[in-house]
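Structure record follows, encoded as structure tokens.
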Amino acid sequence: MTARQVLVVDDEIGIRELLRDILQDEGYQVRLAENAAEARTWRQQARPDLVLLDIWMPDCDGITLLKEWGNGGLLTMPVVMMSGHGTIDTAVEATRIGAFDFLEKPIALQKLLKTVNAALKHGEQLPRSDMNLLNLGKSPVISELRQRLEQVANLRSALLLIGAKGSGLELCARFLHQPGSPWLELNETERLASAPLELLEHVSDGLIFIPEVAELNKTEQKGLLLLLSKAEKYDVRVVCGTARALPQLVQEGAFDSTLLQALSIATVSVPALEDHREDIPDLARSMVALMVETGEAAYREFDIAALNALRNADWPGNLAQLDSVIRNLVQTSLGEKITLADVNRVVGQFAQMHQENSGNASATSLAIDLDQPLREARDAFERLYFEHHIAKAGGNMSKVAENVQLERTHLYRKLKQLGVKTK
């Protein structure tokens, strides 16, 4: 069995080395950091099983570092604060914001070992890092998104999340989910038609998330209406997502107007990645940190040019596409750092795939699944049709509108509904 790893963070060399010697004698692997900067570096590279964190350090106090890890989704290991006599109140406050416990200096041997053992047992129950809304960024649009979600968090009515595919609708739904309560991401939507009340019983006191409500057929839409009418009785929060223009679908007879009214009581728009490009460098680092924590890859840094290239690239697939690119970069880059050349190589491959797919789509043999429902087949054809004309006109939307014989405002509305990018 691999030895448990303890990170000791203290600016006093005597205390660091004493704790290292004691803990190594007990069979633990010990890493030492003399300040917050070193602690951050260690935490980026691996998830320790436990952190012993001093409150007073020269560059950054332990409370600030604790909050930083918590806000970044990295507080997935138990942290025990270490404090002198004059900082006990601060240490107690730390337990309120995420620390497991605190030790008063000078630290008694038995108290140290007992606390370390209890913290490690507690750490076995903690969830590992996962992508969450806190990882999504610090830009104004993301801060506003969090504020809106916090504002509707205690509402009992259904919530409709509106955003492009891959933009993070599930992260928003999970932000509203109460830890420890049932969670259901409903991908088997036929259950709405066959047994909507059984769903409520199954997720009582929890949250149901429907990723794309526009894909429900008429019977499933009626089942969802019934489910919404009974949800409060079971104390179930229903969150639906969509990348489609639901009012347009109502006009076309493809979506129930009563259901749209029920979903329109509370709506929140989720920005596309291109709307908060300034968050991409932090997002990239967070994605690498999550891969490290789950054991998928060793830690890799980005050089500044690489991060700038990622920020300036086009991301039609939003977070999902960025995640794929980051995973590719971490697993296939050869140097110690991920460089501009690496980013150009991988992003270029994705762009080439998109161009090839667009080219194939405009060929005579269109790759459309003819066994799918008419609405989905029609949407698939229209996407290919507009992508072909946008490419043919070199992105000149006036020319596109003229060629497809649509008024320009209607054209933009249609492209948005279909999720077709104009760039």
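The values are calculated or read from the model by the stated rules, or taken from the named source; none is laboratory data. The structure displayed is predicted, hence computed values, not measured ones. A quick note on method: Cβ atoms are made from the backbone with ideal geometry, for glycine too, and the neighbour counts reach across all protein chains shown. Quick note on the areas: whole protein, heavy atoms, side chains included, nothing else; ligands and nucleic acids left out. Shrake-Rupley method; radii C 1.70, N 1.55, O 1.52, S 1.80 Å.
Some values worked out for this structure:
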| quantity | calculated |
| --- | --- |
| Asn318 vs. criteria closer than 19 Å to Gly137 by Cβ, open to solvent by less than 20 Å² (accessible area, probe 1.4 Å) and in contact (Cβ under 8 Å) with a residue 12 or more places away in the chain | yes |
| Any pair with Cβ under 9 angstrom, 6 or more apart, that starts in region 3-17 at a residue that is more than 20 Å from Asp59 (Cα to Cα) and ends at one that is part of a helix (DSSP H, G or I) and open to solvent by 60 Å² or more (accessible area, probe 1.4 Å) | Val6/Arg20 |
| Residue selected from region 322-331 under the condition of a type outside the set (Gly, Ala, Ser) and over 16 Å from Pro281 (Cβ atoms), by the criterion least open to solvent (accessible area, probe 1.4 Å) | Asn328 |
| Checklist (1) modelled with pLDDT of 95 or more; (2) open to solvent by 70 Å² or more (accessible area, probe 1.4 Å) applied to Gly223, failing item | (2) |
| Any strands (runs of 3 or more DSSP E) falling wholly within region 25-113 and containing at least 2 residues that are open to solvent by 10 Å² or more (accessible area, probe 1.4 Å) | 29-33, 101-104 |
| Filtered residue count, region 376-406, keeping only those that are among the charged types (D, E, K, R) and in contact with a helix residue (DSSP H, G or I) (Cβ under 7 Å, 6 or more places away or on another chain) | 4 |
| Matching residues in region 259-273 - criterion: being in contact with a Lys or Arg (Cβ under 9 Å, 6 or more places away or on another chain) and either open to solvent by 40 Å² or more (accessible area, probe 1.4 Å) or not in a helix (DSSP H, G or I) (or both) | Val268, Ser269 |
| Single unsatisfied condition, Arg244 versus (1) in a helix (DSSP H, G or I); (2) in contact (Cβ under 8 Å) with a residue 60 or more places away in the chain; (3) open to solvent by 10 Å² or more (accessible area, probe 1.4 Å) | (1) |
| Residues (touching a Phe, Trp or Tyr at 6+ places or on another chain (Cβ under 8 Å) and surrounded by 14 or more Cβ atoms within 10 Å (Cβ to Cβ)) located in region 1-24 | Arg4, Gln5, Val6, Leu7, Asp11 |
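Rundown of residues vs (1) closer than 28 Å to Ala243 by Cα; (2) in a helix (DSSP H, G or I); (3) in contact with a strand residue (DSSP E or B) (Cβ under 9 Å, 6 or more places away or on another chain), yes/no style:
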| site | (1), (2), (3) |
| --- | --- |
| Ile280 | yes, yes, no |
| Met287 | yes, yes, no |
| Gly295 | no, no, no |
| Ala309 | yes, yes, no |
| Asp314 | yes, no, no |
| Ala320 | yes, yes, no |
